[in-house]
Each structure stands twice: as C-alpha cells, then as structure tokens.
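Since every read-out is calculated from the coordinates, none of them should be taken as a lab result. Since the model is a prediction, treat every value here as computed from it, not as a measurement. Heads up, the Cβs are rebuilt from the backbone with ideal geometry, glycines too, and the neighbour counts pull from every protein chain shown.
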Amino acid sequence: MNLNPRIVGAAGILAGVGLAVEGVLFMTSGWTAETFADAHRALAFLNDSGTQLRAAVFAGAINLVLAAVFVVGLADRLQTSAPTRAATTLYLGVIGIAGESLIPLGLWLGVPTFVDLAARDPQAAAAAWNGYAASQAAAGAVGGLFLGLSTLAAGWAIASKRPMPALLGWLAIVAGAASVLTVLAAQTPLAPLATAAYLPSLTLVIAFRIWGGIELWRGRARAVAAPRPNEAVTPDQRR
C-alpha cells in the first residue's frame with residue numbers, strides 16, 4: 001500500500017479525540033450498564049435522554065470510520081519490520097470495527113424505534129428490549145475483544161521491532177490487554193476487575209490512537225537495518 005501518512009495520522013488523532021468526545025457524551029447522558037440491563041429503566045432513559053445518546057453514537061460511528069483508516073495505516077507502517085503482526089493488526093482490527101459498528105448503528109436506529117413503541121405499547125417494548133440489549137452487548141464484546149487483540153499485536157510489533165517509539169508499543173500492549181480483560185472477565189467471578197478496567201482501558205486506547213496518529217503523521221518508519229549480502233534472514237526477522 002502507498003498511503004498518505006498525513007491522512008492516516010490525522011485519522012488516528014481524530015479517532016482518539018472523537019472517542020474521548022463519545023465517552024463524555026455517554027457519561028453525561030446518564031447512561032449506565034445497569035440502566036440498559038433493566039427494560040423499564042432503559043425505556044424511560046431513552047425517552048428522557050435519547051437525543052444525547054444518539055449524538056454520542058453518531059460520534060461513535062464517525063470514530064469507527066477514522067479508526068479503520070488508522071488501523072490500515074498502522075498495519076502498513078508495521079509491514080516492513082513485522083509483516084505477520086502487521087497482518088494480524090489489520091485483520092483483527094477490521095473484525096473488531098465491524099462488530100463495534102453494530103452498537104452505534106443499532107442505537108441510532110433503535111432509540112427512536114423503542115421510544116415510539118414504548119409510547120404505543122409499553123409491554124411490547126419492554127418484552128423486545130431484553131433481546132435487543134443482549135445483541136448490543138454481544139456486538140460490544142466482539143468489538144472490544146478483536147480491537148483489543150489488534151492493538152496488542154501492534155504493540156508487540158512496535159515494542160520488539162521499534163518502527164515507532166518502544167514506549168508507544170508498551171502503551172498499546174497494556175491498552176490491548178486491558179480491553180481484552182474487560183470482555184473476557186465479564187460475567188465471571190472477575191467481573192469487578194473488568195468493570196474497574198473499563199475506564200483505564202478507554203483512556204489508554206485514546207492515548208494510543210492520538211500518539212500513534214502523531215507518529216504516522218510524521219512520515220516513514222525508522223530505518224530497519226538491511227541484512228548484509230551474505231547474511232541470511234532468519235524466520236524470526238520476517239515475522
């Protein structure tokens with residue numbers, strides 16, 4: 001790929017800033033996981049704060065477009081020094097973004113639908129809500145798991161091969177591991193740990209996207225020493 005570093009870099013920066021804006025809109029709207037787990041509370045919330053929630057998910061949809069461009073640019077930057085991990089970053093990231101996109105799009109369409117249904121038939125709206133909420137939770141789990149693994153793979157490549165600052169790689173490793181933890185520990189005895197890791201993981205992902213975007217904006221990767229003419233390239237160097 002022959003990508004414009006400023007475009008992919010700007011996408012990463014904006015994806016990080018946009019994720020922060022999305023998080024603020026969600027939190028200030030009054031949304032909580034407990035609210036969405038209860039049909040009657042959730043429907044009342046949508047009626048009172050649905051407009052702000054739709055603003056948050058609109059920002060989320062835009063962020064995912066920017067995140068997709070960032071992941072492609074990041075994989076391209078890692079291709080020379082760590083091709084296997086670059087491909088892992090790309091493909092897991094695409095799966096994660098596809099899963100995550102079901103949340104903002106589902107809420108964008110679902111909020112007015114449920115508000116209208118609740119006004120006409122509250123019992124039918126409440127009965128339909130549990131299945132809808134479960135599907136949204138599943139989409140979020142797919143997004144969180146695969147985006148976390150994508151970030152973890154990118155961090156591993158950066159920290160070990162140094163095409164970008166090593167500290168950025170370690171930031172990505174911690175951010176990715178925290179994201180994976182929030183998914184895999186949910187609904188287990190470690191659920192309190194998953195809850196506690198959610199905001200830190202979100203903050204770390206925001207920091208990684210912004211810093212990663214800045215590094216991509218700056219241009220080419222750091223030079224990787226080429227093997228001498230008679231020096232064989234080991235399988236480990238190709239990964």
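Here are the numbers for this structure:
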| read-out | value |
| --- | --- |
| Region 121-180 - convex hull of the alpha-carbon atoms, volume per residue in Å³ | 70 |
| Angle in degrees between helix 83-120 and the longest Cα principal axis of the chain, rounded to the nearest 10 | 10 |
| Given charges at beta-carbon only (K, R positive; D, E negative), |dipole| of region 5-222 in Debye | 1020 |
| Semi-axis lengths (Å, descending) of the ellipsoid that matches the C-alpha gyration tensor of region 5-222 | 34, 17, 14 |
| The chain: angle of helix 5-29 to the longest principal axis, Cα-based, in degrees nearest 10 | 30 |
| Fluctuation leader among ALA159, ALA98, ALA196 - the chain, Gaussian network, Cα springs under 10 angstrom | ALA196 |
| Extension gain, THR188 back to ILE214 (0.36 nm per residue minus Cα-Cα distance, nm) | 5.6 nm |
| Cβ crowding within 10 Å averaged over residues, with 14-25, 102-113 ranked highest first | 14-25, 102-113 |
| Computed label-point distance, nm, for sites LEU199 and THR51 using a 7 Å Cα→Cβ extension | 2.8 |
| Positive-pole candidate from MET164, ALA128, PHE114, dipole of region 5-222, charges at beta carbon | MET164 |
| Gain in span if fully extended, ILE7 to ALA134, counting 0.36 nm per residue against the direct Cα distance | 42.1 nm |
| Taking the convex hull of Cα positions in region 1-118, its mean projected area over all directions (nm²) | 8.0 |
| Difference of contour (0.36 nm per residue) and Cα-Cα distance, ALA124 to VAL65 | 17.8 nm |
| In range of the label at VAL115: residues from region 12-48 whose backbone nitrogen is under 12 Å from the point 7 Å along Cα→Cβ | 44-48 |
